[in-house]
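A quick write-up on the structure given underneath.
The values are calculated or read from the model by the stated rules, or taken from the named source; none is laboratory data. Because the structure is predicted, anything quoted here is derived from the model rather than measured. Cβ sites come from the backbone with ideal geometry, for glycine too, and all protein chains shown count toward neighbours.
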Amino acid sequence: MSIETSLVLFKPDAVTKRLVGPVLARFQAAGFSLRGIKMMQLDAAILQDHYAHIAALPFFPAIVEFMSSTPVVAVALEGDNAIAAIRDLLGPTDSKAAAPGTIRGDFGEDKMVNVCHASDSVESAAAELQRFFKAGELFAY
């Protein structure tokens, strides 16, 4: 058992479809603790940094357009093996391949319009949490 904190970004589709509350309730029902939450408008600079690993790919401009189309909600969730467990609750990145009962299977549409982004490793979680939360914005209780 390892206590971890993961970043979860509620994407524009989650915000516009009013899914932030129901999806956050699923994470909390699964035992994750909320350490931080905020709504923010993403700009090109933060998206370039966040998606640097795919910035050279031809679909990157579409990601920037989508992710900056509305504010997103950034959440820090803590729990036992949080990174893998949160990704299991979400289901595969491609919502079309996600099983019913997973968040993406129930609410997502495709690979981009898929409700949430979640950290994929301890290392990426540390970098992402620092990218989206300033010092003093994460709390333990």
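Things worth noting here:
- The range 1-34 - residue that is touching a residue at least 12 places away in the same chain (Cβ under 8 Å) and of a type in the set (D, E, K, R) and, of those, surrounded by the most Cβ atoms within 10 Å (Cβ to Cβ): K11
- Complete set of residues in the range 125-141 that are outside any loop (DSSP other than H, G, I, E, B) and in contact (Cβ under 8 Å) with a residue 40 or more places away in the chain: A125, E128, L129, R131, F132
- Residues of the range 95-141 satisfying the condition of being among the charged types (D, E, K, R) and under 14 Å from the mean Cα position of the chain (by Cα): R104, K111, D120, E128, R131
- Filter result for E65 (of a type in the set (D, E), modelled with pLDDT of 95 or more and surrounded by 18 or more Cβ atoms within 10 Å (Cβ to Cβ)): no
- Scan of the range 113-124 for residues that are buried (at least 17 other Cβ atoms within 10 Å of the Cβ) and in a loop (DSSP other than H, G, I, E, B), ordered by number: N114, V115, S119
- With a requirement of 2 or more residues that are charged (D, E, K, R) and free of Cβ contacts under 8 Å to residues at least 24 places away in the same chain, the helices (runs of 4 or more DSSP H) lying completely within the range 35-112 that satisfy it span 103-107.
- F60 meets each of the listed conditions (1) surrounded by 12 or more Cβ atoms within 10 Å (Cβ to Cβ); (2) closer than 17 Å to R104 by Cβ; (3) hydrophobic (A, V, I, L, M, F, W, C) apart from (2).
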